[in-house]
Amino acid sequence: MRLTTRREVYRNKWLTLFEDQIERSNGAAGIYAWIDKPPFAVVIPFDGTHVTMIRQFRYPNQRWSWEFPSGAVEGKPELTAEEIARQELREETGLLAGRMTALGKLAVAPGFSNQEFTVFLAEDLEQTAVELEEEEADLTLGSFTREQVHRMCLSGEITDSPTVTAMYFWQNS
């Protein structure tokens, strides 16, 4: 495919929606709408026995969701994946990690977004104050064993795909 023109359709602080006019390899014209989003990190905070998870209301799905701490840092493209992971871990859980291990990296939805995420295992944890952003006001924390989280993923209680992916990477690392 070859880009012929690009139009910005919408922008906010979290994403930009583009509509591209393209030419396919066979010469046929077409359009491709896609979302530009910054990379994010998913963090598995493990104290040797339990993981800390967050529970928050996910508006698009209209339900509560158990997830590993995760997020992006908008407006700071210079941050490494580990720096993003450490910031999100601290803000959402108040935890500081003595050791961070990258377990894997994936594209979220390559058919309509360029966003990627990296999964980290956080260990040697120290508790500090939680620093929630305004959008995270309803967030609560929970503590689970690895086996409990695994069962929650298999039963469909956990539906957040980056969390399920993180468990897969962790189980196979």
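Filter segment 6-57 down to the residues that are assigned by TED's automatic domain parsing to the domain that holds residue 137 and polar (S, T, N, Q) and list them by number.
Selection gives 49, 52, 56.
Name the pairs whose Cβ atoms lie under 6 Å apart, with the first residue in segment 95-122 and free of Cβ contacts under 8 Å to residues at least 40 places away in the same chain, the second part of a strand (DSSP E or B) and surrounded by fewer than 18 Cβ atoms within 10 Å (Cβ to Cβ), and 6 or more positions between them or separate chains?
Here the result reads 96/126; 98/124; 99/123; 99/124; 107/116, each pair linking segment 95-122 to a residue that is part of a strand (DSSP E or B) and surrounded by fewer than 18 Cβ atoms within 10 Å (Cβ to Cβ).
Would you confirm whether or not segment 149-171 contains a residue that is surrounded by fewer than 18 Cβ atoms within 10 Å (Cβ to Cβ) and in a strand (DSSP E or B)?
No: segment 149-171 contains no residue that is surrounded by fewer than 18 Cβ atoms within 10 Å (Cβ to Cβ) and in a strand (DSSP E or B).
Restricting the search to segment 18-41, which residues are in a strand (DSSP E or B) and without any contact (Cβ under 8 Å) to a residue 40 or more places away in the chain? So that I can check it myself, show each step before the final result.
Residues of segment 18-41 in a strand (DSSP E or B): 18-23, 29-36, 40-41.
If the condition is that a residue be in a strand (DSSP E or B) and without any contact (Cβ under 8 Å) to a residue 40 or more places away in the chain, then 18, 19, 20, 21, 22, 23, 29, 30, 31, 32 are the ones that fit.
Looking at segment 92-107, can you tell me whether even one residue there is farther than 23 Å from residue 146 by Cα, modelled with pLDDT of 95 or more and assigned by TED's automatic domain parsing to the domain that holds residue 156?
Step one: filter segment 92-107 for residues farther than 23 Å from residue 146 by Cα, giving 107.
When the remaining residues are screened for being modelled with pLDDT of 95 or more, the result is 107.
If we keep only those that are assigned by TED's automatic domain parsing to the domain that holds residue 156 too, we end up with 107.
Yes, some residue in segment 92-107 is farther than 23 Å from residue 146 by Cα, modelled with pLDDT of 95 or more and assigned by TED's automatic domain parsing to the domain that holds residue 156.
I'd like the full set of residues that are more than 14 Å from the chain's Cα centre (by Cα), more than 16 Å from residue 169 (Cβ to Cβ) and either assigned to a helix (DSSP H, G or I) or of a type in the set (Val, Ile, Thr) (or both), limited to segment 42-79.
If the condition is that a residue be more than 14 Å from the chain's Cα centre (by Cα), more than 16 Å from residue 169 (Cβ to Cβ) and either assigned to a helix (DSSP H, G or I) or of a type in the set (Val, Ile, Thr) (or both), then 49, 52, 59, 60, 61 are the ones that fit.
Which one of 83, 91 is within 22 Å of residue 173 (Cα to Cα), assigned to a helix (DSSP H, G or I) and out of contact with any strand residue (DSSP E or B) (no Cβ under 7 Å at 6 or more places or on another chain)?
83
The values are calculated or read from the model by the stated rules, or taken from the named source; none is laboratory data. Predicted, not measured: the structure shown is a model, and the values here were computed from it. So basically every Cβ, Gly included, is an ideal-geometry build from the backbone, and we count neighbours across all protein chains shown.
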